[in-house]
Each structure stands twice: as C-alpha cells, then as structure tokens.
Amino acid sequence: MADPKNLDDVRQLLQQHKRELMQKYQAQGVAVGKQNLSDDSYVIVVHLASRNELPAGEAEVEGVPLKFEVTGRFKAQL
C-alpha cells in the first residue's frame, strides 16, 4: 500500500498503474494532484472526456484515492 502523503510513493504508484487506469476509465490522461489545496495528501487525477464516463462511488489504487475530472478530449497541438 502506498502512503498518500508521500509524493514519491504516489508518483511510483501512478507509473505502475498508468496503463490500467487509462484503459479501465477510458481516460484522456492521468496525473498526480491534490484533492484540494489545503490537503496534505495526494491523489491520482483521472481526466475523462465526458460525464458519462464518471464511475459511481469512490475509487482508489493501493490506498491512494482517485479524483475524477471531466476535461473533455485532449487534442495534440501542432
């Protein structure tokens, strides 16, 4: 289990589970973030294309909470 208050733990956990999270949630991207600015622990942020992809209920990976944000589709800028 990772410590959500340890940034290195959360970064390592994200690298280990990035592909799985991208596929499971049809994510546009994933990143390390915070639940809110005053919080001292970290979350894995999952960027989704639409509200239709929001999961019901809360989710976590090895003790680190997932935070879902609807950002729309990401497009490469050339």
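Points to keep in mind about this one:
- In region 1-31, the residues that are surrounded by 15 or more Cβ atoms within 10 Å (Cβ to Cβ), in contact with a Phe, Trp or Tyr (Cβ under 7 Å, 6 or more places away or on another chain) and not in a loop (DSSP other than H, G, I, E, B): Val10
- Residue match in region 54-74 (condition: hydroxyl-bearing (Ser, Thr, Tyr), modelled with pLDDT under 95 and surrounded by 14 or more Cβ atoms within 10 Å (Cβ to Cβ)): yes
- Of all the listed residues (Gln16, Gln26, Gln12, Gln35), the sole one being on the phi > 0 side of the Ramachandran plot and under 14 Å from the mean Cα position of the chain (by Cα) is Gln26.
- Pairs meeting the criteria (first residue in region 3-29 and within 12 Å of Glu60 (Cα to Cα), second residue part of a loop (DSSP other than H, G, I, E, B), beta carbons under 7 Å, at least 6 apart or on different chains) are Pro4/Ser41; Pro4/Gly63; Val10/Ala2; Val10/Pro4; Leu13/Ala2; Leu13/Glu62; Leu21/Ala27.
The values are calculated or read from the model by the stated rules, or taken from the named source; none is laboratory data. Computed from a prediction, not measured in an experiment: that's the story for all the values here. FYI the Cβ positions are ideal-geometry reconstructions off the backbone, even for glycines, and counts take in every protein chain you see.
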